[in-house]
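This report concerns only the one structure given below.
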């Protein structure tokens, strides 16, 4: 004869077994990650938005401020993901200038990849020591 506790245990075990997710082997369609905002724009577009020398950010064009805000979001996300400052204490405006310098050398490149190239050159996405500066294509500044 089955006692009450055995019946409860059997019912719970059956319920758990039936509620366990079954493996699904259907192939998921491969979808490229979504890239949004200023990062998908070309370096040429970024260079066209640059304010004149000495122009304060507050009076720069809206387009330039969008690039700056986009970079701030990228850097913030990376900082949170890797647990340290990927700009190594550098100012955001200094990073924008360096990205401009990189963009001048490769205007067809997009702003996202150029931004990452700068961060990689600082060695912050590959551990504490990145590649030697001269090994980064197009970066001489």
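The values are calculated or read from the model by the stated rules, or taken from the named source; none is laboratory data. Remember, it's a predicted structure, so these values are computed and weren't measured experimentally. Cβ placement follows ideal geometry from the backbone for every residue including glycine, while neighbour counts extend to all protein chains displayed.
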Considering only region 53-60, I want to know if a residue exists there that is touching a helix residue (DSSP H, G or I) at 6+ places or on another chain (Cβ under 7 Å), surrounded by 12 or more Cβ atoms within 10 Å (Cβ to Cβ), within 23 Å of residue 122 (Cβ to Cβ) and modelled with pLDDT of 90 or more.
no
In the set 41, 105, the lone residue that is more than 18 Å from the chain's Cα centre (by Cα) and at pLDDT 95 or above is 105
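Give the number of residues within region 76-90 that are without any contact (Cβ under 8 Å) to a residue 24 or more places away in the chain and either surrounded by 14 or more Cβ atoms within 10 Å (Cβ to Cβ) or in contact with a helix residue (DSSP H, G or I) (Cβ under 8 Å, 6 or more places away or on another chain) (or both). Please lay out each step first, then the result.
Of region 76-90, the ones without any contact (Cβ under 8 Å) to a residue 24 or more places away in the chain are 76-77, 79-81, 83, 89.
Filter once more, so that each one left must be either surrounded by 14 or more Cβ atoms within 10 Å (Cβ to Cβ) or in contact with a helix residue (DSSP H, G or I) (Cβ under 8 Å, 6 or more places away or on another chain) (or both): 79.
Number of matching residues: 1.
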Complete set of residues in region 46-74 that are free of Cβ contacts under 8 Å to residues at least 24 places away in the same chain and under 11 Å from residue 111 (Cβ atoms)
49
Within region 68-76, does at least one residue satisfy the condition of being modelled with pLDDT of 95 or more, in a loop (DSSP other than H, G, I, E, B) and within 17 Å of residue 42 (Cβ to Cβ)?
no
